[in-house]
Amino acid sequence: MKFRAATLGALAVAAWLLPYGLGSYSIHVVNIALIYALLAIGMGLAMGVSGQINLAQVAFFGVGAYTLAILTTDRGYGFWAAAVVAVLATVATGLFVGVPALRMQSHYLGIVTLGLALGFINWITNASVTGGADGISGIPLPTLPGIDLSSEYLYYYLELVVCALGLGFGLFVVRTSLGRRLRAMRDDSLAAGAMGAEIPLLRMTAFLLASLYGGLAGVLYAGLIRYVAPETFSIGNMFILLAMVIIGGRRSLVGCVVGAIGLTLVREWLSDFSTYAQLGYGVVVVLMVVFAPTGLAGIPSRAKEFVNRRRHGHGRRAEADDRARLRPFQPYEAVERPSSTAEPLLDIRSVTKDFRGLRALDDVSLTVAPGEIRGIVGPNGSGKTTLFNVISGFYRATSGQVRFAGRTTTTARPYTLSLLGVARTFQNLRLFGQLTVRENILVALDRTRTHTIWQYALWQPGVVRRERRLRRRAQELLERFGLADFAESAPGSLPYGIQRRIEIARAMAARPRLLLLDEPAAGLNGEEVGQLAGIVRSIRDSGTTVVLIEHNMGLVMSLCERVTVLSGGGVIAEGTPAEVVAAPEVIEAYLGDSALADVPRPQPVPAPAPAPAPAPEPPGGSPPPASPPSASKEASR
Amino acid sequence: MRTISFRRTAAPDPGTPGTPATPATLAVDDLSVHYGGVRAVSSISFSVAPGASVGIIGANGAGKTSTLKALMGLVPRGGGRITLGERDLTRVRARDMVRHGIGYVPEGRHVFPGLTVEKNLMLGAYARRWDDGTRSTLAEVHELFPVLGEMGGRLAGALSGGQQQMLSIGRALMAGPRILLLDEPSMGLSPKLVGEILNALKRLREEGLSLLLVEQNAKLTFGATSHCLVMENGSVAMTGTSEELSQDPRVRRIYLGL
Amino acid sequence: MQETLQTLVGGLSLGAVYALVAMGFSLVYRTMGLVNFAHADIAMIGAYAASTFYLTHRLPFAVAMVVAIAVTAAIGLVIERVLRPLENKDFDLMLIGTIGFGIVLQAVAILIWGTTGRAVRSPLPAAPLDLFGVRVRTYDLLVMAVAALAVLGLAWFLARTKRGAAMQAVAMDHEAATAVGIDVGRSNALAFSIGAGLAALAGGLVGPMLYVDASLGGALGIKGFAAAMLGGFGSIPGAVVGGLAIGVLDSYAAGHFQGYSVLVTFLVFTAAIMIRPMGVFGERTVSRA
């Protein structure tokens, strides 16, 4: 911490003293570099932090600069008044460009944003209000009392302050609630939605931030050069900006700044060989994505990991060093169970789900009482996970109704359900890979809505206070689940059993009323399964109703009060575990005593199925279950 | 070019250059599979004699599919040895397994949905030259599953589940394999269709093709195989003849976790 | 009426070029799930190469074209090979990687051919034909004919050849394709080089219609891209329909909005794609989230 403060201080002093050692041209280059740094921060926030491919950053830059130029030269605004309007106009543009992100992602978004940027360039090149290809000159000098901004040396300080504030604000966003959510969305937007993150609003926020920085950069640029022309905002410069962000490290704002300043200086230095320089950037970008996808900013941690791996022989567990261990789970305080006559917490009525002609769920009805632990079992492909996806809002039922806590939630989005009190885990673990374990928990703990981001602009102490509260609760939760030793680890570096526990802790962070566990015991060893049973029981005793899909029948038998058996998309049995395993339909579904007798409709008996004599071959499709073989009879108690 | 007729009991078609397969035993020794830090399959060993039919059964998540995928090389093989007859296949890449006579019918059928049935079948013979040999194999597949001939021009994605399963098996047969690996061919099918599939498997077996059948449906597997392995938590819990196992109450306990 | 028809015809020939670019995108997307942002610059290299062989080396136009296609197909192979480690892993990184290649190709073009562009004379110097009162340049007809041939050729390759079928199979299910013995990497490389070849064909054909310079790729690429999206990413008929649609839209916008044609084109395009993100013939491939 001290070291960091010292570094920061040294950097500040160096930045302050820098102009004294530079010639007038050099300071100009530095000023340009700082403007690119601001642009790169915006780009990093959208692309690296939020995962929104935004190739219109250079257009945001242009909107800011041009708005300022037009307002000052044509409409007689003062510089600062025009600057405010320009930034607002840029943000409005950013939100407009971001709208497509609600419908498309990844490359689609890249193309649309790039297309809109091209449209913008086309417009400024041809419109008369923008001065066409000649651009607009004669932008007035920004004035500050007592400071002569016509001196590039003094302008440098203005930029430095704006940049430092911009970087500081960016880092503040990234490290607190909003940024954590944006990063969670980037890593896994499905899981983030299930944690209550309002994905559409967050995507718009990413564009808002990108355009805010773009607008600021545009204003500073117009004030510095006092002339704007289309070539500054070309697609070529867009790609250079992209190169800056990738080379610096898109996930680190500091990396983006380093990339931007570094590349601007290199570009200037190589200005006599600009084409070779361009060739160089291109090659470096390609090499970076293949060999160092985290950019320059990621190299220290990669190097550390490499060294660790060398030292420990195998890197996988290196991070979870010997002293760190999974501690026992500390049970929740039990609350009194609601009476069983209460209204069902979850009520699924005749739900059917079709996928392109394939019926995954067929008229499934099921109710879960509050305080229950319900098991859902069934063979592969019987529709269990589909049912979870329908309950948690990932899929919309083709027909039928889902009711949760007395409300119809058939068409609710995952984040809405999360806010109502539905939490879930995923069969294939969907932890946010680039976040630490603590941050994974924090994302889920955070129940503030996205619209409270006004606090970031106007009342930062509110954000800080909330953050402190969240961190305290996260620490409690980590300790409860015995995960405190791994709080700062990347989830991917931890053993599988611990990752499973993190997922449960994360789902429990919001204290849901209903917890859906999708194969929580998959990949766990015997001891871990035992611990899991204890955790699930305690969760139920704390007042959370649990529904779990599980293949480990031993666990289901010991844990669940009631078990629902799915097969072929329909419910074939429901009852206590003992009842269910004794039900002929279930034995058939699992062991195939009467090859899939769960298909209810009678089928014409096909040509006699030939089979080796001793084992009775399933007689095609006789609807009632054929007599179970002796083996099953013996086993039934 | 190896063009093995899988139908050897019937009189060969005049145009069939059907050379019988050299008998070879598929032997899997000490095969393990890891995903990340998780051990999905630990040191499993078994063999399939020429013309034999062996089943691997077990509940969901027992490691059956992982075993088959590792055998095919579709997931990294974590140690162990795989041989077919004299030939060591341990280091053979997935795409070359078919050239060594291993046919694979994946779980969930995995036909090429946007291609016609005919094209799917022809792609099954990708590793061979498309010539008279393939055409006669195609005729044999059509005889085994007449519906594939009738639906030749249909897109595979438009077929019913059972037809897709037949197509998936037919596609694997097109390469002229010595042994066929089947992963859950009964999954999601109606009894009638399961019956048809079993019929076809029985015919293939009678014609000398070795089968390795991975199934959750134990009863079905006992009927279609001579020997079985019962897997539990990534390792072999029981082995025996299918007949013995079908009488053994422990199988049910393993399944139902009792 | 007359004017509308004239706009339509003008749009169709450029549209045919966009369709070729879109087809290349689509092929690569369909087989590898990769959007190749360098595609546009490959088309630009193709345009330069074709014009160089045609103008400087005085090869016949058709031969110059074939050589240019071969050159760019080789470039496609290189790109695929370098980015192969990212295949089926990190989609966004691959996308940025292809942008990096685009930057490289532009620099290479400037190094070889300089910053001043060149005009390419039409290989068919005949006077425009008059069809029902609409003036049609003979070269435009040639472009449409060649584009149509290329579409048919690609369709034939995909539908009738073993390699073509294998390429589609890889796209649909690469694990099942591996199991039947298809070398997925090689199939992808082939797809990539065919895609690059189509880009070069588009670039070469557009040479005599537009001015060839290093920024040609940008204009051609983004519209080809838009065409592919509009038609439905990964669909060959979609690429054709999308290409013609963008061409006509473009020509209409140029006629009515002059300087703002690109802006209008992309606003209309954005609106269309918002309404139907999967395009005309597309499947549900939009948000992978």
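Table: residues versus (1) closer than 21 Å to A:Ile549 by Cα; (2) in a helix (DSSP H, G or I).
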{"position": "A:Ile441", "(1), (2)": "no, yes"}
{"position": "A:His451", "(1), (2)": "no, yes"}
{"position": "A:Trp454", "(1), (2)": "no, yes"}
{"position": "A:Glu467", "(1), (2)": "no, yes"}
{"position": "A:Arg471", "(1), (2)": "no, yes"}
{"position": "A:Glu476", "(1), (2)": "no, yes"}
{"position": "A:Ser489", "(1), (2)": "no, no"}
{"position": "A:Arg501", "(1), (2)": "yes, yes"}
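Mind checking whether some residue in region A:34-50 is closer than 26 Å to A:Asn122 by Cα and surrounded by fewer than 24 Cβ atoms within 10 Å (Cβ to Cβ)? Among the residues of region A:34-50, not one is closer than 26 Å to A:Asn122 by Cα and surrounded by fewer than 24 Cβ atoms within 10 Å (Cβ to Cβ), which makes the answer no.
C:Ser251: over 28 Å from B:Gly114 (Cα atoms), out of contact with any Phe, Trp or Tyr (no Cβ under 7 Å at 6 or more places or on another chain) and at pLDDT 75 or above, yes or no?
yes
Inclusion of A:Ala217 among residues that are aliphatic (A, V, I, L, M) and under 21 Å from the mean Cα position of the chain (by Cα) is not warranted. Among the candidates A:Thr205, A:Thr275, A:Thr232, the residue that is closer than 25 Å to A:Ala101 by Cα and either hydroxyl-bearing (Ser, Thr, Tyr) or surrounded by fewer than 22 Cβ atoms within 10 Å (Cβ to Cβ) (or both) is uniquely A:Thr205.
Condition check: within 10 Å of chain B (Cβ to nearest Cβ), in contact (Cβ under 8 Å) with a residue 12 or more places away in the chain and at positive phi. Does A:Gly523 satisfy that? So A:Gly523 passes the test. Kindly check whether there is at least one residue in region A:541-553 that is closer than 23 Å to A:Gly381 by Cβ and either away from chain B (no Cβ under 11 Å) or surrounded by fewer than 19 Cβ atoms within 10 Å (Cβ to Cβ) (or both). Yes: region A:541-553 contains one or more residues that are closer than 23 Å to A:Gly381 by Cβ and either away from chain B (no Cβ under 11 Å) or surrounded by fewer than 19 Cβ atoms within 10 Å (Cβ to Cβ) (or both). Quick one: in region A:417-439, of everything that is of a type outside the set (D, E, K, R) and in a helix (DSSP H, G or I), which residue is surrounded by the fewest Cβ atoms within 10 Å (Cβ to Cβ)? Looking at the filtered set, the residue picked out is A:Leu419.
Which of the helices (runs of 4 or more DSSP H) contained wholly in region A:71-176 include at least 2 residues that are at pLDDT 80 or above, among the hydrophobic types (A, V, I, L, M, F, W, C) and surrounded by fewer than 21 Cβ atoms within 10 Å (Cβ to Cβ)?
A:79-98, A:152-175
Only one of the listed residues (B:Thr221, B:Thr239) is assigned to a helix (DSSP H, G or I) and among the hydroxyl-bearing types (Ser, Thr, Tyr). That residue is B:Thr221. If you go through region B:65-101 and pick out every residue that is more than 18 Å from B:Arg128 (Cβ to Cβ), facing chain C (nearest Cβ under 10 Å) and part of a helix (DSSP H, G or I), you end up with 2. Here C:Leu59, C:Leu83, C:Leu105 are screened, and the one residue that is modelled with pLDDT of 80 or more, of a type outside the set (Ser, Thr, Tyr) and within 19 Å of A:Leu114 (Cβ to Cβ) is C:Leu105.
Restricting to region A:314-356, and then to whatever is out of contact with any Phe, Trp or Tyr (no Cβ under 7 Å at 6 or more places or on another chain), not in a loop (DSSP other than H, G, I, E, B) and not β-branched (Val, Ile, Thr), can you tell me which residue is modelled with the lowest pLDDT? Ranking the qualifying residues of region A:314-356, first place goes to A:Phe355.
Of all residues in region C:108-136, count the ones that are of a type in the set (Gly, Ala, Ser), surrounded by 14 or more Cβ atoms within 10 Å (Cβ to Cβ) and more than 20 Å from the chain's Cα centre (by Cα). Matching residues across region C:108-136 total 2. For region B:220-256, filtered to residues that are in contact with a Leu (Cβ under 9 Å, 6 or more places away or on another chain) and under 22 Å from A:Glu550 (Cα atoms), the residue that is farthest from the other protein chains (Cβ to nearest Cβ) is B:Val236. Considering only region A:122-131, state which residues are more than 8 Å from chain C (Cβ to nearest Cβ) and within 42 Å of the chain's Cα centre (by Cα). A:Ile124, A:Val129, A:Thr130, listed by residue number. No other residue among A:Gln460, A:Gln455, A:Gln475 is modelled with pLDDT of 90 or more and over 30 Å from A:Ala589 (Cβ atoms) apart from A:Gln475.
Looking only at region A:527-577, how many residues end up being part of a helix (DSSP H, G or I) and either on the phi > 0 side of the Ramachandran plot or touching a residue at least 40 places away in the same chain (Cβ under 8 Å) (or both)?
The number of residues fulfilling the criteria is 13.
Among the residues of region B:156-165, which ones are out of contact with any Pro (no Cβ under 7 Å at 6 or more places or on another chain), farther than 16 Å from C:Val180 by Cβ and either outside any loop (DSSP other than H, G, I, E, B) or of a type outside the set (Gly, Ala, Ser) (or both)? Within region B:156-165, B:Ala158, B:Leu159, B:Gly161, B:Gly162, B:Gln163 meet the criteria.
With the condition kept exactly as written, say whether any residue in region A:6-25 is in contact (Cβ under 8 Å) with a residue 12 or more places away in the chain, part of a helix (DSSP H, G or I), among the polar types (S, T, N, Q) and surrounded by fewer than 24 Cβ atoms within 10 Å (Cβ to Cβ). Looking through region A:6-25, at least one residue is in contact (Cβ under 8 Å) with a residue 12 or more places away in the chain, part of a helix (DSSP H, G or I), among the polar types (S, T, N, Q) and surrounded by fewer than 24 Cβ atoms within 10 Å (Cβ to Cβ).
Comparison of B:Ala62, B:Ala27 shows that the only residue that is in a strand (DSSP E or B) and either more than 14 Å from every other protein chain (Cβ to nearest Cβ) or closer than 19 Å to B:Gly240 by Cα (or both) is B:Ala27.
The set of residues in region A:452-511 being β-branched (Val, Ile, Thr) and surrounded by 17 or more Cβ atoms within 10 Å (Cβ to Cβ) consists of A:Ile453, A:Val463, A:Ile498, A:Ile502, A:Ile504. Evaluated against (1) modelled with pLDDT of 90 or more; (2) of a type in the set (Phe, Trp, Tyr); (3) assigned to a loop (DSSP other than H, G, I, E, B), B:Tyr104 falls short on exactly one condition, (3).
Any residue that is modelled with pLDDT of 90 or more, under 15 Å from B:Gly170 (Cα atoms) and not in a helix (DSSP H, G or I) - is there at least one of those in region B:134-143? Looking through region B:134-143, none of the residues is modelled with pLDDT of 90 or more, under 15 Å from B:Gly170 (Cα atoms) and not in a helix (DSSP H, G or I). Residues in region A:260-280 that are within 20 Å of A:Gly42 (Cα to Cα) and within 14 Å of chain C (Cβ to nearest Cβ): A:Leu263 alone. Looking across region A:367-410, the residues that are among the polar types (S, T, N, Q) and within 14 Å of chain B (Cβ to nearest Cβ) come down to A:Asn380, A:Ser382, A:Thr385, A:Thr386. Only one of the numbered conditions (1) charged (D, E, K, R); (2) surrounded by fewer than 18 Cβ atoms within 10 Å (Cβ to Cβ); (3) under 31 Å from the mean Cα position of the chain (by Cα) is violated by A:Glu579, and that is (3). Only one of the listed residues (A:Thr411, A:Thr448) is of a type in the set (Ser, Thr, Tyr) and more than 28 Å from A:Val173 (Cα to Cα). That residue is A:Thr411. When region A:287-308 is filtered for residues that are at negative phi, within 14 Å of chain C (Cβ to nearest Cβ) and in a helix (DSSP H, G or I), the ones remaining, listed by number, are A:Leu287, A:Met288, A:Val289, A:Val290, A:Phe291, A:Gly298.
The values are calculated or read from the model by the stated rules, or taken from the named source; none is laboratory data. Note that the coordinates shown come from a computational prediction; the quantities given were computed from them, not determined experimentally. Here Cβ is always computed from backbone atoms with ideal geometry, including for glycine, and neighbour counts include all displayed protein chains.
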